[in-house]
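The structure appears right after this line, and notes come after that.
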Amino acid sequence: MALLPPKLDDKPFLKIVEEGRSLIPSAAPEWTDHNVHDPGITFLDLFAWLAEIEHYRLDQTSVSSYARFFSLMGIVPFGPQPAEVTVAFEFESLSETVFVPANTRMWSVGNESLPFSTKRDLFLTTARLGRVITTSGGRETVQTTAEKNEVGHYEAFGRSPEVGDSLQLEFENWFTEPQAHLAITLFEDDLPPRAPFTVDARGFESSAKVRWEYRVGVGGESWAPLDVVEDGTLNLSRSGELIFRRPPEPAAGVPNQLRAVLAEGRYEIPPRIVRILTNTVTARQVETIVNESLGAGLGSADQVVRLKKYPLLISEAIGEGQFQIGDVLDWRVLIDRLKRPEELYESPLRETVIYIAAKLRVTAGALFDEPNLLKVEEQKSQQEYDLARAIDALLSQSEFYQREKFPTVRLPEEFSISSRDSRCQRRSFVRRLNRFLLQSVFPDLFVTDRLEIQTGLPGERVEDEVKTWRNWQRVEDFLESGPTDRHYALDPISGTVWFGNGLNGRTPLTNEMIRARFYRYSQLEKGNLPANHVWVLDVQLPPNTQFKRMATNSPLGQREKRVNLAPASGGRQKETIDETKLRAREVFRKQKAILTADDYETQTLNTPGLRVARARVLPNLNPKLPRKLKLPGEITVLVLPAPPPGEAFPDAPPPEVSEGFRKTVLSHLESRRLVTTNIHVRGPQYVEVNVRGHVFLKKRASEAQVRDNIDRVLREFLDPVFGGPEKGQGWLFGRSVFTSEVSQQLAKIPGVDYITGVALNDKQVGEALSLPYDGLPKSPLGAQPIELVPFEKRGSVPAQGKGGAGCD
């Protein structure tokens, strides 16, 4: 039971006054008039009133205090989140590739007031999946219609995947766009829940490695590696997108095929696929507002303006993902600034832009100096796409940041020198740092989830607004702001913006106009729409483009296939302090430093991305050394993965721990262990248990049926995950198997009278089978070597004493 907090506000005003009056005779004997008209009593009442206020505040913890406490503990309240949706656009005929840049508007029919924006650049392709072929154990199985039958899914590499098995995807047309993607949905409805993946799946290593290839050769007899940009499925460990660069078009007569080959490792649970789609679009419920006028400056202290749309979507996080076309507000302006920094910028920012332009020329090649760059409308999309890829390559350069080249940029704490020295080789750190640098140099052009406030002089006409509009910086308060600092504060919930008073923060002058260069707002939980809505994408499709149609219950009978197969979800308001308090309890229960064996087990069972059925911790043990050696600081963790579902994989062997599984658990524990501990992660050592003995049957009992029941009961009893003496609880690591428990299981079988001579493996009758400390039992593949004795032949078997309960 939790301790009740003490009540600090335990004295009311009258009690404090009474105590004060009682102290007067001892503190000031000459003070004899204690009536209310006395000035001293008036002061006593005043101080008692102030003391009562202080007592009350002692019992009240403010929201700001809780926020500070959570910050010290590393817990940040969740901000508002927009809803996200994935829409499948299935075309009956699409004559040419359609480019859809990031931040393209999309909405569902009937909900036009809830606009969504696409999350990344993508191409609607003419390639359509025709056949799916699984090659397992040298046998090919066409899976084209498997997702449409009563099962609703099919095995990617068969029921028992082995290295070399493959999943072939055959397309009716081929990919002509520079970058393509496949949305792969796995079937996991009958699997136990697992701890969610982290955002970037850092620390997770898939159990099996998949190699993606495309068919090449004159006769199509060979395969070449596919240039994979991003594998969101993590080697078919979860649902996600496979993004790859366009492979060459196959020669005449060669099938248009991609394939996934199981290159190494093994799956604890073989992947099953629900669907593979080509033209899927992922979007979130946000809208980007550009150049919104907020009126003129007043030249007075504490001016307040309000945005037209709110709540705002504000995020301080800096992404490390692929750079998108939609990340730049105006590509023409950006290119012009990079080409003419001497004319548009003053030192030292001029030298910074010159440095960035020189770096970009290296990654963009001749494209950057193209005279008609972004001038020919037909080439604009392709050129913008190539420029975005060039900037994306620039983000990965660890040497891009040179302190002397960015004198005007102030790095946040997360990019401090100490952090950079220890993490500069991490790709994600480098990409976030470089993205922050570009955003700081071009704050009005690089769009993120933030508000960019500007002030400028009306009526001035120049080639570039960088000369007339000045950017303001957002701060939490004006305590550290000087009179000339262009700072503003923001309440994102109400969309209220306020400025300084002239001493702490500059005020907009009367001859200046105020505008929001850009911001994003979202309707949050209103965007959580149900599945099967029809969607419209704000792009120009080629003439005569037709969508596939699907049967519905509407009077028209059919509807176009451009629907969200899953609900739009994730939209929510900012987390309240009370919600953060509840979450903090769960965080500290699951993410605290590991001190005890229970901590190790809890952390192991909650390893992100894995399904762990059971864990056991053995302190002071190094598995490479004899167990009798007690080694302080050595920790061995035994893990048992969750097995495949029995109905789908009836003959699956007991789950083994792959190297990827072991490394994922180890990585998770390493991040929380004490410095003085050394952790080892191992899987179980399975011991096959053969049961010998005589089973005497009742009259008219069927031998075949009893034999089947014996094999089934022993198989269930010896199941390492769901068997054991207490059915459904599984076996503990290292627990012995006793003949008495086996006899009890056999005695429950219908048709069995009694059992004698039960022995396990090479043990004597009645002797228990001891398992190693990491051992678990398993049933043999074939039938158990148990002899059935029909009722009529009892006399031919030597009596060895009845085992188990006799039955009439």
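When segment 491-501 is filtered for residues that are open to solvent by 10 Å² or more (accessible area, probe 1.4 Å) and in contact with an Asp or Glu (Cβ under 9 Å, 6 or more places away or on another chain), the ones remaining, listed by number, are Trp498, Asn501. Of the candidates Thr604, Thr664, the single residue that is in a helix (DSSP H, G or I), open to solvent by less than 40 Å² (accessible area, probe 1.4 Å), under 22 Å from Leu776 (Cβ atoms) and out of contact with any strand residue (DSSP E or B) (no Cβ under 7 Å at 6 or more places or on another chain) is Thr664.
Candidates are the residues of segment 609-621 that are over 24 Å from Asp719 (Cβ atoms) and out of contact with any helix residue (DSSP H, G or I) (no Cβ under 7 Å at 6 or more places or on another chain); the one that is least open to solvent (accessible area, probe 1.4 Å) is Leu621.
Go over the candidates Gly152, Gly137 one by one and state the one that is more than 27 Å from Phe446 (Cα to Cα), within 26 Å of the chain's Cα centre (by Cα) and not aliphatic (A, V, I, L, M). Give the steps one after another, and end with the answer.
Values: Gly137 fails: within 26 Å of the chain's Cα centre (by Cα).
Only one candidate passes the filter, namely Gly152.
Take the conditions (1) open to solvent by 30 Å² or more (accessible area, probe 1.4 Å); (2) closer than 30 Å to Leu114 by Cβ; (3) not aromatic (Phe, Trp, Tyr); Pro248 misses just one of them, which is (2). Within segment 45-100, which residues are among the acidic types (Asp, Glu), modelled with pLDDT of 80 or more and within 30 Å of Pro12 (Cβ to Cβ)? Hits for segment 45-100 are Asp45, Glu52, Glu54.
Give the residue that is least open to solvent (accessible area, probe 1.4 Å), with candidates limited to residues of segment 251-264 that are aliphatic (A, V, I, L, M) and not in a strand (DSSP E or B). Quick ask: steps written out before the conclusion?
Our first condition is that a residue be aliphatic (A, V, I, L, M); within segment 251-264, this holds for 251-252, 254, 258, 260-263.
Next, from what is left, pick out any that are not in a strand (DSSP E or B): 251-252, 254.
Working: Ala251: 51, Ala252: 102, Val254: 12 Å².
Residue satisfying both the conditions and the ranking: Val254.
If we scan segment 283-305, do we find a residue that is at pLDDT 90 or above, closer than 27 Å to Trp174 by Cβ, within 31 Å of the chain's Cα centre (by Cα) and of a type outside the set (D, E, K, R)? The answer is yes, given that some residue of segment 283-305 is at pLDDT 90 or above, closer than 27 Å to Trp174 by Cβ, within 31 Å of the chain's Cα centre (by Cα) and of a type outside the set (D, E, K, R). For segment 502-528: of the residues being farther than 30 Å from Val85 by Cβ and not in a loop (DSSP other than H, G, I, E, B), which is least open to solvent (accessible area, probe 1.4 Å)? Checking each candidate, the answer is Ile514.
Looking across segment 738-772, the residues that are farther than 18 Å from Glu716 by Cα, of a type in the set (Asp, Glu) and out of contact with any Lys or Arg (no Cβ under 9 Å at 6 or more places or on another chain) come down to Asp762, Glu767.
Filtering segment 265-292 to residues that are open to solvent by 40 Å² or more (accessible area, probe 1.4 Å) and under 25 Å from Pro115 (Cβ atoms) leaves Arg284, Thr288, Val290, Asn291. Within segment 463-489, the set of residues being out of contact with any strand residue (DSSP E or B) (no Cβ under 9 Å at 6 or more places or on another chain), outside any helix (DSSP H, G or I) and more than 16 Å from Gly500 (Cα to Cα) comprises Glu463, Asp464.
Of all residues in segment 543-599, those satisfying the criterion of being in a loop (DSSP other than H, G, I, E, B), of a type in the set (Gly, Ala, Ser) and at pLDDT below 85 are Ser554, Gly557, Ala593. Failed condition for Val229, given (1) without any contact (Cβ under 8 Å) to a residue 60 or more places away in the chain; (2) surrounded by fewer than 18 Cβ atoms within 10 Å (Cβ to Cβ), with all others met? All conditions are met except number (1).
The values are calculated or read from the model by the stated rules, or taken from the named source; none is laboratory data. Since we're looking at a predicted model, the values are computed, not measured. Virtual Cβ from ideal backbone geometry, glycine too; neighbours counted across all protein chains shown. The accessibility values were calculated without ligands, DNA or RNA, using every heavy atom of the protein model including side chains. Shrake-Rupley method; radii C 1.70, N 1.55, O 1.52, S 1.80 Å.
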